[in-house]
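Okay, so here's the structure we're looking at.
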Amino acid sequence: MEASSNNPQPGDASARSKIPIQPSSDAQDNNVMLNSRPLASLSIAPRTPQMPSLPSRNSHIVKKHSTNAKVAIPRQRSGVASGYSRRVPLACESCRARKTKCSGDTPVCRQCKELRVSCKYPASWRERTKGQLDSLSAKAEAYEKLLRDIGNVVDGRTAEQIKGTLDKFSGTSSGERASTASQSSSATPQDKDDCIDDGGASSTSSIGSLEAIDRVEEDVNRNESSRATGYMGKNSEITWMQRLRKEAQQRAHKLPGPNEGEPEGGFALHTVNYHLDDLDISVPGPVQVYWMPPRAVADKLFEDYLETVHSFYPIISRTLFRAQYRTFFDSAARPGDKWLAILNLIFAISAKHAHLTQAPWRGDDNDHLVYLTRARILSMNGDALFSHPDLQQVQVEGLVAFYLLASDQINRAWKITALAVRSAISLGLNMKNTSESTPGVSKEARYRVWWCVYTFEHMLGIMTGRVPCITDGICTTPLPLPFEEDHLREPAAAKLLNDQEHRKEVVESPLASSLVRHIPSNPTGGKKSTHKDKLRDASWLKSQPITKSLIFLLYVDLAVVSQEIVNRVYSLDCALVPWRHIENRIGELRSRIDVWYTNLPKALDFTRRDDQGVDMLRGKLFLAFHYYSARITLGRPCLCRRDTRKTSPAEKSSFSHGMAEISLISARQMLDLIPDEPDAVQLYHVCPWWCILHYLMQSATVLLLELSFSCIHMPAEENGIFEASKKAIRWLFAMSECSLPARRAWELCDSNLRRIAVGMDYDLNDLPILNYEFKSHAPMASNAVANMGMSLPGNQMPAFYDPSQPSAQNEFHYGQNQQAYPGVSAIDATSATLALTSPGTDAFFPYDPISGEFIRSFFPIADGEEPWDQLHDN
């Protein structure tokens, strides 16, 4: 009988299934235990346990099978704990590579310590997940910051898309949302926190916005009318009128918001253009180049120019040209063609003024065009344009541009002014002259020629909204001195002429334009800037007697500041500048304008109602209109249709809201300069008649825009704004009696106000009535002036000048066959070639019209006639 055994036998399945998992406390001491290392760490086959020798006849069988059978792991005794039995949460990288059990000790596990190798634990799953989340969060924040930065430099629509995306995935923190909104709001020219659209949604093309300033939204080359108007920028009142028409159309249909239709058809720019670029400026039939008006008419024209234009546009020397004019008519001498062209342009400008003032000595309806045509033949033909410019040519081109502006041909004036600027730059008039061979008086005269061209280019840039050809950094010309031409040789003036440093310190440093070109792109604290921070000692300037030259100096000073408004607020690169930066620029420029007003002498303060002569009144009005125009232009981008009403009286208005109020207040103050009862003749007599229509249209358009916005900026002043708008329309109606562009301007403003009145329930019974239907404004033919169907109180038709009717001043009318030069036989000069082949060309007329340095052959001296040099010295 075989002896029984407690150990499982090899091959016994039932015994193998009963291998204990946990060690038993009653295990026998004679059990042979295996090495305490875990099985997972073993790299060799388990050794066969040694069995105690038992007497059995089958022992040889046991030995035979023990070499191949699997041996169960014996149970351990309780109380014997292995150092490797615990399961570590994370093995080090060295143990992982060796595929051995890691003890998990830190900082070095037992295995690595024994093997003297480096021990490094990898990141756990939790740490890896946290690290990945932190990395993704950092990337997201970097991308959001990048999008915010990009949103400040892209166009408005892209900025709105970026803002929408950031708002959609923004965090729950209100601070983060506020930061994102404040950053992205800089892409549009409104304070979006304060400006709420009527419909509750943010509009990408709001009133007053500078969006689309860098692109053209209609085909300017479509037809003759669109080409005659050309492109008009954001700072042009033509563009403002286009927006007004869209707003008024919505009010007429009692619809909220603006009309966002394409600028085509009735909303195209040329349909709201009141200028006369669509009319021809040529005269029918041949023109006698060398014919002159009667001396009486010539004297009237010449003196009218010197009285009303020259003080504000001294492109010629008054003293010198007057002496030349007298010598020309009193002798049989024939000057050169360019001098004759200048004289004809003076006549053309004065003839235009004579028709506006209904002067009794005015000529026929086309006399100014005849003078212009003569000047063109004499100095603006093909050969003259291809010749190298001289000082006289700059004068000719400047006067041609002035005449075209006075005739409301601003697109043509824009082209000719560019010629004048190029000619002046080619002669170095845009720079300080340090030549020792040029007299100081001659230098001063050339400086004034340059500033005439500069200010005229600036005015046309404001009217058209186009980029001026005079860029930053090309002008170092000193500002003109506040002395008349006759006083430039006096000691006080001579000292300033010869000492440039003293001139800069006394004359230029106190002015508002001093260092204005050096304003940084983003002036720090610009919105809070005040004129008191920039005041300098202007006592010398205020102590000077009031002269026309002083008025011209102040005008140039303000023109330089106004030009910076165009460069800093309306330039094309402003589409890439954050709105908060533009607000800082506006604040800085506003303080500069305030400095200019502070520097005004007391006698020129146009806010005071003192008794004064015509000359003083004319100068004050000239400065006043330009001052208010600059403030309107500066605040216009902030005049938006978004609702900016304050929710409570204690709430502080935004900066943009305040600038919009400044624009509206300036428009009303401009209209306060003229009486309530319209008198067009008096207006053209004492005001800057060549640009007064532009100023009135600026103020009228701004006020009508505010009415179309339901007076959201100044609700308490709605009645005052409405009355001021009607006053402007009455004045335009009165001016239209002798001005076709004023008639067009009146039609535009009157029709838009009537459309607004439909939706706003305004009473317009006290306005003059025209047989008018709501139609698109179309260009009028030149012969339509006499057929205007206007109705005035008392059923009186306006008396437009009709050349077909006889005039009471026939003795001043002249034809092409009346009078040539005194003592000179008639010349049949119907072609431009005579201007070059005539013996009286400039080849026989060598003189410098600016410096006054003439040679004796300036005029042929007749027997018994006083020499020209003596005449000039007297």
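Is there a quick way to get the dipole size of region 488-601? I mean about its Cα centre, with the Cβ of Lys and Arg at +1 and of Asp and Glu at -1; what is the value in debye to the nearest 20?
220
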Legend entry - Ordering of 580-590, 496-506, 341-351 by packing [mean C-beta count within 10 Å, highest first]: 341-351, 580-590, 496-506
Legend entry - Charge dipole (debye, nearest 20) of region 388-465; +1 at Cβ of Lys and Arg, -1 at Cβ of Asp and Glu: 80
Legend entry - Ranked by how many other beta carbons lie within 10 Å on average, peptides 280-286, 699-705, 370-376 from highest: 699-705, 370-376, 280-286
Inset, instruction - Treat each spin label as a single point 7 Å out from the Cα along the C-beta direction, and report the V220 to R110 distance in nm. - result: 8.9
Legend entry - Other-chain or far-sequence residues with amide H under 5 Å of I769's (modelled H): S791
Inset, instruction - Between N433 and R128, with labels modelled 7 Å along Cα→Cβ, what's the label distance in nm to one decimal, could you check? - result: 8.3
Inset, instruction - Would you work out what percent of the accessible area of region 400-508, with all protein chains in place, is carbon or sulfur (probe 1.4 Å)? - result: 51
Legend entry - Radius ratio Rg over Rh of region 285-477, counting only Cα atoms, Kirkwood formula for Rh: 0.96
Legend entry - Portion, in percent, of the accessible area of region 612-755 that falls on carbon or sulfur, probe 1.4 Å: 50
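For region 488-601, what is the accessible area per residue in Å², given a 1.4 Å probe and the full set of protein chains?
Heavy-atom accessible area per residue stands at 42 Å².
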Legend entry - Å² per residue, accessible surface of region 290-359 at 1.4 Å: 22
Legend entry - Accessible surface of region 227-371, 1.4 Å probe, proportion on carbon and sulfur as whole %: 52
Inset, instruction - About the Cα centre of region 474-542, how large is the charge dipole given +1 on each Lys and Arg Cβ and -1 on each Asp and Glu Cβ? Please answer in debye to the nearest 20. - result: 560
Legend entry - region 449-525 and region 277-344: distance between their alpha carbon centers, rounded to Å: 29
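The values are calculated or read from the model by the stated rules, or taken from the named source; none is laboratory data. From a predicted model like this one, the values you see are computed outputs, not experimental measurements. All Cβ positions, glycine included, derive from the backbone under ideal geometry; neighbour counts span all protein chains shown. Keep in mind that these areas ignore ligands, DNA and RNA; they rest on the heavy atoms of the full protein, side chains included. Shrake-Rupley method; radii C 1.70, N 1.55, O 1.52, S 1.80 Å.
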